Amino acid sequence: MTLPVKRWLTFVEQTETGAGDVPLRKIAVVAVIANPHAGRHVENLSDLIDASGALGAEMAKWALDSMKPYRAVSYGKGGLVGLAGEQEHINALLTTAFAEPVRSAIGGGKAWISSMTKRCAPGATIDIPLAHKDALYVRSHYDGITFTLHDAPHPDEIAVILALANRGRINARVGGLSAEEIEGQDGLR
């Protein structure tokens, strides 16, 4: 099975620090696809899992383009499934099969990718959690990106989401493992 993308959406949020530090850039790329299982119960969802790898690879390309000139050090994933579908449909698209091409494209990723999914009508808002790509316990990178999809998902659609950030929160100061201990760089390419 292939999952042709009906619509691509990209959200970019950049916060300037005002202190000469690297700005905080958070992006989300959304691929809206037709839900092949809309309106019916399908016990085995392995077709979605198997097809999600190619989608993950394509979404990673879009996401990395949106991150330029910065590199990704945090990530998150998620999705919205239309009302003729089940939440399990979007979860099937976000397993390791989807995640491995993302990790490869961004240059690694030892930590699991946090996620958020829900079933909804168009106009829903979603919060995609972000965490450091190589160590979940880097508290400065606990963050998220929030946005609204005004025209998706239709009842028979799924909106698959990949989110990236180039650094931790501005003025983060709650302790824990530091990003420098993990990556030894400043978030620039």
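The values are calculated or read from the model by the stated rules, or taken from the named source; none is laboratory data. Note that the structure is predicted; figures quoted are calculated from it, not measured. Neighbour counts are summed over all protein chains in view; Cβ atoms, including those assigned to glycine, are modelled from backbone coordinates with ideal geometry.
Data table
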item: Entirely in region 31-150, the strands (runs of 3 or more DSSP E) that have 2 or more residues that are surrounded by fewer than 20 Cβ atoms within 10 Å (Cβ to Cβ), touching a strand residue (DSSP E or B) at 6+ places or on another chain (Cβ under 9 Å) and of a type in the set (D, E, K, R); result: 115-119
item: Yes/no for T95 being closer than 18 Å to A57 by Cα and in contact with a Ser or Thr (Cβ under 8 Å, 6 or more places away or on another chain); result: yes
item: Failed item in (1) over 14 Å from the mean Cα position of the chain (by Cα); (2) polar (S, T, N, Q); (3) at pLDDT 95 or above, with T17 passing the rest; result: (3)
item: Complete set of residues in region 41-77 that are of a type in the set (D, E) and in contact with a helix residue (DSSP H, G or I) (Cβ under 7 Å, 6 or more places away or on another chain); result: D50
